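Just below is one structure, and these are the notes that go with it.
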Amino acid sequence: MVYNRLAEAVKSKLKCLDNLDPRFVQHASTQIVIVDHTKILSALETRVTTLPNGLRVTTESNMSAWTATVGVWIDAGSRLETDETNGIAHFLEHMIFKGTEKRPVRVLEEEIENMGGHLNTYTSREQITYYAKVMDKNVLKALEILADILQNLCASGDRIN
């Protein structure tokens, strides 16, 4: 297996090192341990399913992880902006942190953090992405929060300056 050959190559290189600087090895293990990382490094199978309403759902399963990332990728990146709409994708990205009708900003932040989760967003030239990384048992709650953000965003004038 490629990992065994790599480990052997590393071991042979380490034998060649005679005068190691103690600053760099003071916390190093004295023994080389070969660990099988094939489960972690194996490529995930990505499946794309199109629902009857046209929504595409992409799933990957990694059974060694106890977390899940759920997100929404909207084809509305900066590439699609005109002179009149310049910056709107980035503006919409930041609106996620303004709260919803049901969840004020603080409630939204606490709800995700209390699940041990992380809510984030980014804009690219192609898409605006909203996602949450949570423990696997909290996926449905994270989806509900993302749906609330996308459907009930508070965009009142006092929140936009």
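Counting only residues that are touching a residue at least 12 places away in the same chain (Cβ under 8 Å) and under 21 Å from residue 149 (Cα atoms), how many does segment 73-88 have? Spell out how you get there, then give the answer.
Going through segment 73-88, the residues touching a residue at least 12 places away in the same chain (Cβ under 8 Å) turn out to be 73-79.
Restricting the remaining residues to those that are under 21 Å from residue 149 (Cα atoms) gives 73-78.
So the answer is 6.
What pairs can you find where one residue is in segment 109-121 and under 10 Å from residue 97 (Cβ atoms), the other is charged (D, E, K, R), and their Cβ atoms are less than 6 Å apart, with a gap of 6+ or different chains?
Listed by first residue and then by second, the contacts come to 121/93.
Given the structure, is residue 77 at pLDDT 80 or above, at positive phi and out of contact with any Gly (no Cβ under 7 Å at 6 or more places or on another chain)?
Criteria not met by residue 77.
Restricting to strands (runs of 3 or more DSSP E) lying wholly in segment 56-161: which have 1 or more residues that are under 21 Å from the mean Cα position of the chain (by Cα), among the acidic types (Asp, Glu) and surrounded by fewer than 14 Cβ atoms within 10 Å (Cβ to Cβ)?
Details: elements: 56-60, 67-74, 118-123, 128-135.
Once the strands (runs of 3 or more DSSP E) in segment 56-161 are filtered for at least 1 residues that are under 21 Å from the mean Cα position of the chain (by Cα), among the acidic types (Asp, Glu) and surrounded by fewer than 14 Cβ atoms within 10 Å (Cβ to Cβ), what remains is 56-60.
Taking only pairs six or more apart or across chains, which ones have beta-carbon atoms under 8 Å, a first residue in segment 58-72 that is touching a residue at least 24 places away in the same chain (Cβ under 8 Å), and a second residue that is acidic (Asp, Glu)?
Close Cβ pairs (under 8 Å, with a partner that is acidic (Asp, Glu)) amount to 65/136; 66/136; 67/136; 68/136.
Mind telling me which of the residues 21, 83, 36 ends up being among the acidic types (Asp, Glu) and at pLDDT 80 or above? Give the derivation first.
Numbers: 21 fails: at pLDDT 80 or above; 36 fails: at pLDDT 80 or above.
Step by step, each of 21, 83, 36 is checked, and only 83 is among the acidic types (Asp, Glu) and at pLDDT 80 or above.
The values are calculated or read from the model by the stated rules, or taken from the named source; none is laboratory data. Note that the structure is predicted; figures quoted are calculated from it, not measured. Neighbour counts run over all protein chains shown; Cβ positions are idealised from the backbone, glycine included.
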